1. How much accessible surface does ARG76 have with a 1.4 Å probe, in Å² rounded to 10?
2. In nm, to one decimal, how far is the LEU5 label point from the ALA83 one, both placed 7 Å along Cα→Cβ?
3. For a distance above 16 Å, tell me the whole-number percent of Cα pairs in region 53-115 that qualify.
Amino acid sequence: MMELLTLPARQLSSYGSSGAELLRAALVQDPQDGFAVDVVRLAPGGSIGRHPTRLWQLFLVVSGNGWVSGAEGERRPVTAGAAALWAPGEDHASGSDDGLTAVVVQCHARPLTAT
């Protein structure tokens, strides 16, 4: 039976993050051994500080624009419809001058295949 859910939001402050809000959409009992789906909102000027991912992590921008960086630290622009994919253990960060909303999927298997 369908359920309508209200996702509680919490501010992200770890890794030197600022202006970042997380809405947890799906989580298994132990996220390091399963998967998670989150919605991240970055306010104008917001960022998620550099940190390693434990699993494959897909960062899909659904509105707004901003930047992402991977192991090399180079900021690359992203807009709605663009996605970044980070490998397990890869240091990464993201941010936005104007604000953005992204869906983040974390899992053991690579969530997207190159075409």
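The values are calculated or read from the model by the stated rules, or taken from the named source; none is laboratory data. Being a predicted model, the structure only gives us computed values, none of them experimental. Here Cβ is always computed from backbone atoms with ideal geometry, including for glycine, and neighbour counts include all displayed protein chains. In case anyone asks, the SASA skips ligands and DNA or RNA and just uses the protein heavy atoms, side chains included. Shrake-Rupley method; radii C 1.70, N 1.55, O 1.52, S 1.80 Å.
1. 140 Å²
2. 1.9 nm
3. 43 percent
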